[in-house]
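A short worksheet on the structure shown next.
The values are calculated or read from the model by the stated rules, or taken from the named source; none is laboratory data. Because the structure is a prediction, the values reported are computed rather than measured. Don't worry about glycine lacking a Cβ; one is built from the backbone with ideal geometry, like all the others, and counts go over all protein chains shown.
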Amino acid sequence: MFGLLLACAMVFPRRIVVPLFPPIPMRAPTFVALHGGLELFLGVTGTQAGVAHFAHLGGMAGGYLLLRYWRGAR
């Protein structure tokens with residue numbers, strides 16, 4: 001899921017996203033960076049137990065690498 005989120009931001013970087021909370025319009029790469037930063041923060045501090053935060057970040061990294069491979073960038 002997070003790989004798809006990152007791929008969407010890479011393919012459509014000028015797309016405006018309005019999350020439910022807070023309802024602030026922002027570009028897709030900004031939203032993905034904030035969401036990834038939140039996952040990293042929650043994973044390091046361990047404040048939200050029972051969620052595999054680093055697996056979400058691994059999905060983002062996998063999506064990034066796969067999209068770069070499909071685009072032909074080695």
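List pairs: first in segment 33-44 and assigned to a helix (DSSP H, G or I) and surrounded by 16 or more Cβ atoms within 10 Å (Cβ to Cβ), second of a type in the set (Gly, Ala, Ser) and modelled with pLDDT under 95, Cβ under 9 Å, 6+ apart or cross-chain? Listed pairs, sorted by first residue: Gly43/Ala52.
Among the residues of segment 47-71, write down those that are surrounded by 12 or more Cβ atoms within 10 Å (Cβ to Cβ) and among the charged types (D, E, K, R). Selection gives Arg68 alone.
Among the residues of segment 1-19, the ones that are at pLDDT 95 or above and part of a loop (DSSP other than H, G, I, E, B) come to 5 in all. Cβ contacts < 8 Å: first residue under 14 Å from His35 (Cβ atoms), restricted to segment 45-74; second residue outside any helix (DSSP H, G or I), any location; separation 6+ or different chain. Result? Every condition considered, the pairs that remain are His56/Met1; Gly59/Met1.
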